[in-house]
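K.L.:
Sharing a structure, written as structure tokens. Questions coming.
The values are calculated or read from the model by the stated rules, or taken from the named source; none is laboratory data. In this text, all values refer to a predicted model and were calculated from it rather than measured experimentally. Here the Cβ positions follow ideal geometry from the backbone for every residue, glycine too, while neighbour counts run over all protein chains shown.
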Amino acid sequence: MAQFLNVEVLSRLAGLLGTSVSADSWMGIALAACIHLFLLINVVAVGALVFIWLERKVAGRIQDRLGPTRVGGKFGWLQTLADGIKLVAKEDITPKDADPLLFKLAPYVSFAASFTAYMALPFANGWAAQEINVAVFFIVAVLGLEVFGVILAGYASGSKWSLFGGMREAAQVVSYEVPIGLCIVIPVLIVGSMNLVTIGEAQVGFLSNWLIFHDPFTFLVFFVYFTCAVASVNRAPFDLAEAESELVAGFHTEYSGLRWSFFFMAEYGSMFLVSGLAAILFFGGWNGPIPIFHMIGWAYEQGEMGWRITGYIAQVAGVMNFMLKAVLGVTVMMWVRWTLPRLRIDQVMTTCLKYCVPLAAFCFIGAMVWKVYDVWSPHDLHGYTFGRSFAETRENWVLASGPLAPSGPLAPSGPLAPSGPLAPRAEGPPKTSAVRPELPLRSATEQSASARGASGSQVLAAQEVN
């Protein structure tokens, strides 16, 4: 976007003033950053408004009530907006025993962590604030920082109830990061990339190409991921950090007004984020069950830079498809909240350590064996379902042969030497790259990185020959 703004917008405006703007000018980068910031902040803020209204209606339906029906019409559309105005008008109180600086900083730390993770979340093919090759790792790592805001709030409030809530949240989030990481690694293993755009584009085609149908282990691990995601965003039945039956209101007991609302904006933002991540990892991302726009040739290919109206229409349809899946995930979280009773803290930890971790590890091993031995999956029919083959990215000593195969002190030997299906293949002509040639799903950055790795291998091989 920055290059487009510099070339198509700023350079033309500069031409009217008799000056010029280069394609990599900082002005385009700054303008693109502001546009991305504006769009993402609206996703979080407007999403929170909609989700709070939706949660009230879902809760009312489950409890045989009507929910909001007066403010803003028959369905109470403006109830959340009225509540927001009330919170802004409320007095901002800081307890006398609180640490003033940390107490005021905590809500913004939680919100900033949730908001920053959106930077790497793609809403369609290439439509991300920043397409990152390790986007999966980035989102999980940044989203885990939200717990620091909760800990700060509990510690700085000067209240034992807030402190208990903060410590519960710390123990819960740190524990559930282990199984959720194992769950996320499985789609990465299958596709061969941590780039979320690559993972989404790998599922192009009919419903059978979605990763949740790849093998039984991936199907099972989605439910483990969803359980861990609910716990990681502090939603019932795992909301022990704010258990009102025990801790008044938990870590945000002493908060009021606008700062109180920032915690809930962070919570609903994280709910949409983990639901969107599940949509990309398991449910095809922005790809629908029937690839209409790929059938008629309107959809963009990954890495395509040109602009055309048909591709833009396909992208907008992809965004709507992605947001529908993410909103459905958020709705299921609300459904679970108003259906199941709250667990005790020991039951929360037992669910993580005795059930989620072993199940995630079992599914990871099963998916790995399924991948290594190339067992049949519905995705193997991708040639008939408008799909694509998965990218294959492995270590040099696995795929390289001939002059690129490590030798001498670099060659694996002994118990670490690969054997069986992972052994280096010696037959056939020498390869010119350490990566398989069929890589339709890898981004330009990944390909350039692989090229640099291949060049390094050639240098090392030449040194061994000399």
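K.L.:
If we scan the range 332-348, do we find a residue that is surrounded by fewer than 15 Cβ atoms within 10 Å (Cβ to Cβ), under 23 Å from the mean Cα position of the chain (by Cα), modelled with pLDDT of 90 or more and more than 28 Å from residue 124 (Cα to Cα)?
P.N.:
no
K.L.:
Determine if the range 150-171 includes at least one residue that is buried (at least 19 other Cβ atoms within 10 Å of the Cβ), under 30 Å from residue 368 (Cβ atoms) and of a type outside the set (Phe, Trp, Tyr).
P.N.:
No, the range 150-171 has no match at all.
K.L.:
While we're looking at this one, here's another question. Can you tell me how many residues in the range 1-25 are closer than 24 Å to residue 127 by Cα and not aromatic (Phe, Trp, Tyr)?
P.N.:
So the count comes out to 14.
K.L.:
Restricting to the range 157-201, and then to whatever is in contact with a Cys (Cβ under 7 Å, 6 or more places away or on another chain) and of a type in the set (Val, Ile, Thr), can you tell me which residue is farthest from residue 286 (Cα to Cα)?
P.N.:
Across the range 157-201, the extreme among qualifying residues is 180.
K.L.:
Taking into account only those residues within the range 55-78 that are farther than 22 Å from residue 236 by Cα and among the basic types (Lys, Arg), which is surrounded by the most Cβ atoms within 10 Å (Cβ to Cβ)?
P.N.:
Pass one, the range 55-78, residues farther than 22 Å from residue 236 by Cα: 69-78.
Within this subset, residues satisfying the condition of being among the basic types (Lys, Arg) are 70, 74.
On the way: 70: 12, 74: 9.
So the residue we want is 70.
K.L.:
When the range 5-38 is examined, which residues are found to be more than 26 Å from the chain's Cα centre (by Cα) and either part of a loop (DSSP other than H, G, I, E, B) or touching a residue at least 40 places away in the same chain (Cβ under 8 Å) (or both)?
P.N.:
The first filter runs over the range 5-38 and keeps only residues more than 26 Å from the chain's Cα centre (by Cα), leaving 5-28.
17, 18, 19, 20, 21, 22, 23, 24, 25, listed by residue number.
K.L.:
Now a separate question. Looking only at the range 366-389, how many residues end up being out of contact with any helix residue (DSSP H, G or I) (no Cβ under 7 Å at 6 or more places or on another chain), aliphatic (A, V, I, L, M) and touching a residue at least 24 places away in the same chain (Cβ under 8 Å)?
P.N.:
1
K.L.:
Right, here's the next one. When you scan the range 197-210, do you find a residue that is free of Cβ contacts under 8 Å to residues at least 12 places away in the same chain and either over 20 Å from the mean Cα position of the chain (by Cα) or outside the structural domain of residue 377 (by TED's automatic domain parsing) (or both), even just one?
P.N.:
First pass over the range 197-210, keeping only residues free of Cβ contacts under 8 Å to residues at least 12 places away in the same chain: none.
Checking the range 197-210: not a single residue is free of Cβ contacts under 8 Å to residues at least 12 places away in the same chain and either over 20 Å from the mean Cα position of the chain (by Cα) or outside the structural domain of residue 377 (by TED's automatic domain parsing) (or both).
K.L.:
Could you grab the pairs with beta carbons closer than 6 Å, sequence gap of 6+ or different chains, first residue in the range 289-308 and farther than 16 Å from residue 202 by Cα, second one modelled with pLDDT of 90 or more and polar (S, T, N, Q)?
P.N.:
Pairs found: 298/310.
K.L.:
Output the residue which, of all residues in the range 8-48 that are surrounded by fewer than 11 Cβ atoms within 10 Å (Cβ to Cβ) and among the small types (Gly, Ala, Ser), is nearest to residue 263 (Cα to Cα).
P.N.:
Across the range 8-48, the extreme among qualifying residues is 20.
K.L.:
While we're on this one: Taking the condition farther than 30 Å from residue 191 by Cα and touching a residue at least 12 places away in the same chain (Cβ under 8 Å), does residue 122 pass?
P.N.:
Criteria not met by residue 122.
K.L.:
Identify all residues within the range 47-68 that are over 18 Å from residue 333 (Cβ atoms) and either touching a Leu at 6+ places or on another chain (Cβ under 7 Å) or among the hydrophobic types (A, V, I, L, M, F, W, C) (or both); write none if there are none.
P.N.:
66
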